[in-house]
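Notes follow once the structure below has been shown.
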Number of protein chains: 2
Amino acid sequence: MARKRQSQRVTSYEVAKLAGVSQATVSRAFTAGAQIAKDKKDRVLAAAKQLNYYPNSIASSLASASTNIIAVIVGNLDNPFYVESLHAFITHLQASGKHVLSFTISQGKACDDAVLEALKYNVDAIIVTSAPLSNDLVSMTKGAGIPILLFNRSSDDPTLLSVRCDNFGGGQELGKVIYDAGARKVLILRGDPQGSTSRDRVAGFRLAVQDKAIEAVRIEEIDGNSSYDGARDAIRERFKGPNPTFPDAIYAVNDIMAIGCIDELRERFDLKFPEDIMIVGFDGIREGQLQPYKLTTIRQPINAMVLKTLELLAAIGDEEDTVKADSCVIPGRFFEGSTVTQMEQVGTKIP
Amino acid sequence: MARKRQSQRVTSYEVAKLAGVSQATVSRAFTAGAQIAKDKKDRVLAAAKQLNYYPNSIASSLASASTNIIAVIVGNLDNPFYVESLHAFITHLQASGKHVLSFTISQGKACDDAVLEALKYNVDAIIVTSAPLSNDLVSMTKGAGIPILLFNRSSDDPTLLSVRCDNFGGGQELGKVIYDAGARKVLILRGDPQGSTSRDRVAGFRLAVQDKAIEAVRIEEIDGNSSYDGARDAIRERFKGPNPTFPDAIYAVNDIMAIGCIDELRERFDLKFPEDIMIVGFDGIREGQLQPYKLTTIRQPINAMVLKTLELLAAIGDEEDTVKADSCVIPGRFFEGSTVTQMEQVGTKIP
DNA sequence: TTGTAAGCGTTATCAG
DNA sequence: CTGATAACGCTTACAA
């Protein structure tokens, strides 16, 4: 049964032979914390270096339980927030010797295919950022014993762990700020109307405004597709026609849409922020802090969120069920840019 | 030799039993284009669905030659260009049933560790974007028979395939544009002084300017670290002190530095572009086209570059050596923003 | 077209 | 602490 050798890759057997030990000993030499005498280890490592040997992680994945691969499914790399998140995941996982298998999902599509692929590769965990997930797949991952974690989104399924920013609380904070600044006519730019994130951010905002509202506040909501272009389109549509009237403030549920708003309103109407309109966003992406924007926003603590996620992952590994979902909502931090100001100074173009 | 079963994952043996066929037949049922009778295949697939079976890619990777995993090593996700590139790689590879194992490298560090990790996982190929690579590692990948491709950078090692934009040509084009606009005093903001990319872009620019130069052009070069912050720092340092004099034009060898320049000069000196200073960048990242910038630049054809890269990969798979490196330099396209104008209209603050 | 069985290169168990 | 050896779940020659 001759079989063509698929590559010239050195195996632990060859190292073992050269070092004069068993293959098992070679394996131990490359396993941190394994029981092995120092001299043997040195001998093995020397032989390995001489032969240019490095362990075959695929073989080790097959033989052991774990691949050291984490699947990260990113919904939408057009939104810098997800880029920064992916970046953080790669960096932190790399630091702890794990690897990231990245998937992207086109807007609006379910991430079922990606999850299935991840399952095939026996990944240690699946992290889903912002994309819907079918119940079938969730149960398959459970069957496979592979943890799924949601990042920056929640789910109706309470058994699914999720790490996210306190979207409701952040929305509230922005609502207060906007109300206190004197805005009484507010336009909200929603993201994905299906998504929990947008919903919570809007709900928090509305609650804060209503709590405060001795004076009535008129709120209008439109959809901005969670994207720069979507926001520009929505704004263009909303303020088309001659002599549009503008609100006192705009609340975009994420920064990238806020930037889209600003660009569109500057370009078409030469509006000034905050003099003509106030605007706030949510996320704290870097673009929002570029000099022409200096956007007032809630900064999501991406690093803390990522670390929390990895912590949860570790916890799941240890004990099956002691994981409490409560602690997985992390507060964002208000960031004062220069797109909100006291209403006295605001000269809106409203008749 | 009892051994604890590591998971409840269904194997092809169980499917085989249920379907009343051999395990090999199950394997064939899941292999596209395999020789198998339709009725058997249907039977197998039905059994698989019933048991929630899906193939184990790790096992298949071990048994076969290929993992269907491509390692993509990204130097610097702070630069949106690399983000867009990574995005394109993930998208296109996903479309052809491959997977992306992502690595990032901290600024200035070699990507040797990442390459070694990739080798351990027996990836089908390694794509390196912008990070230095030691010769040892290159020879190791050769030994392992794993192709390495450079993306957006070249190397002294002529055996290394590389796909990149025509940096020299793009630099030339920008040089012409700047000269023709009337600039005679130019500040160049370099990126990584070691890197081929920055070097070629500068060389092309200088050549074009010298070719044209009936009038002498004064060129000064400073380093911007290829980053937004680096550019701001460099500009701040360069124009510190009272009454600085400004050049006619700035050539930042990438867009993200150009944006940094603009922000810094706007914030500190309230300069207008192009009225006070002209500026051009290179890359064509989305940020450069935001309304406050509208940066004149050379747009790198990321998609074409990525497709070319994957094409090369496929070619390497087929025939070992027929790959010609010539065709791997792809021209960029000049994009006219609004940061260059005829010098008559330029009123610099130079005494 | 199908089944049999020998790898693929590790890890993990167990006996020494 | 070390070595022998059985998995791990698949692919693939080869025989039927």
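If you filter the range A:11-37 down to residues that are open to solvent by 80 Å² or more (accessible area, probe 1.4 Å) and within 8 Å of DNA strand D (Cβ to nearest atom), you find that the one that is farthest from the other protein chains (Cβ to nearest Cβ) is A:GLN35. Starting from residues that are open to solvent by 80 Å² or more (accessible area, probe 1.4 Å) and out of contact with any Gly (no Cβ under 9 Å at 6 or more places or on another chain), keep the ones in the range B:221-237 and report whichever is farthest from B:GLU267 (Cα to Cα). By that ranking, first place goes to B:GLU237. With the requirement that a residue be farther than 23 Å from A:TYR53 by Cβ and open to solvent by less than 20 Å² (accessible area, probe 1.4 Å), what does the range B:146-159 give you? B:LEU149, B:LEU150, B:PHE151, B:ASN152 - these are the residues of the range B:146-159 that are farther than 23 Å from A:TYR53 by Cβ and open to solvent by less than 20 Å² (accessible area, probe 1.4 Å).
Residue-wise test of (1) at pLDDT 90 or above; (2) within 9 Å of chain B (Cβ to nearest Cβ); (3) open to solvent by 50 Å² or more (accessible area, probe 1.4 Å).
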{"residue": "A:LEU86", "(1), (2), (3)": "yes, yes, no"}
{"residue": "A:THR104", "(1), (2), (3)": "yes, yes, no"}
{"residue": "A:ASP112", "(1), (2), (3)": "no, no, no"}
{"residue": "A:VAL115", "(1), (2), (3)": "yes, no, no"}
{"residue": "A:VAL128", "(1), (2), (3)": "yes, no, no"}
{"residue": "A:MET140", "(1), (2), (3)": "no, yes, no"}
{"residue": "A:ALA144", "(1), (2), (3)": "no, yes, no"}
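Of the residues examined, A:GLY169 is one that is more than 13 Å from chain B (Cβ to nearest Cβ), open to solvent by 10 Å² or more (accessible area, probe 1.4 Å) and in contact with a strand residue (DSSP E or B) (Cβ under 9 Å, 6 or more places away or on another chain). For the range B:192-204, which positions are over 24 Å from B:GLN342 (Cα atoms) and touching a Lys or Arg at 6+ places or on another chain (Cβ under 8 Å)? Within the range B:192-204, B:PRO193, B:GLY195, B:SER196, B:THR197, B:SER198 qualify.
So which residues in the range A:293-334 are assigned to a strand (DSSP E or B) and either touching a helix residue (DSSP H, G or I) at 6+ places or on another chain (Cβ under 8 Å) or at pLDDT below 95 (or both), if there are any at all?
Across the range A:293-334, the qualifying residues are A:THR296, A:THR297, A:ILE298, A:VAL329, A:ILE330, A:PHE334.
Return the residue satisfying two criteria in turn: it lies in the range B:65-79 and is modelled with pLDDT under 90 and open to solvent by less than 40 Å² (accessible area, probe 1.4 Å), and of such residues it is farthest from B:SER106 (Cα to Cα). If we take residues in the range B:65-79 being modelled with pLDDT under 90 and open to solvent by less than 40 Å² (accessible area, probe 1.4 Å), then B:ASN79 is farthest from B:SER106 (Cα to Cα). Exactly one residue among A:LEU187, A:LEU174, A:LEU149 is touching a residue at least 24 places away in the same chain (Cβ under 8 Å) and more than 22 Å from the chain's Cα centre (by Cα), and that residue is A:LEU187. Checking each residue in the range A:47-64 for being more than 9 Å from DNA strand D (Cβ to nearest atom) and open to solvent by 60 Å² or more (accessible area, probe 1.4 Å) picks out A:LYS49, A:GLN50, A:ASN52. So for the range B:56-75 (the condition being β-branched (Val, Ile, Thr), farther than 25 Å from A:ALA59 by Cβ, part of a helix (DSSP H, G or I) and not assigned by TED's automatic domain parsing to the domain that holds B:THR197), does at least one residue qualify? Among the residues of the range B:56-75, not one is β-branched (Val, Ile, Thr), farther than 25 Å from A:ALA59 by Cβ, part of a helix (DSSP H, G or I) and not assigned by TED's automatic domain parsing to the domain that holds B:THR197, which makes the answer no.
The values are calculated or read from the model by the stated rules, or taken from the named source; none is laboratory data. No experiment lies behind these values; they were computed from the predicted model shown. Cβ sites come from the backbone with ideal geometry, for glycine too, and all protein chains shown count toward neighbours. Side chains included, ligands, DNA and RNA excluded: accessible areas come from the protein's heavy atoms. Shrake-Rupley method; radii C 1.70, N 1.55, O 1.52, S 1.80 Å.
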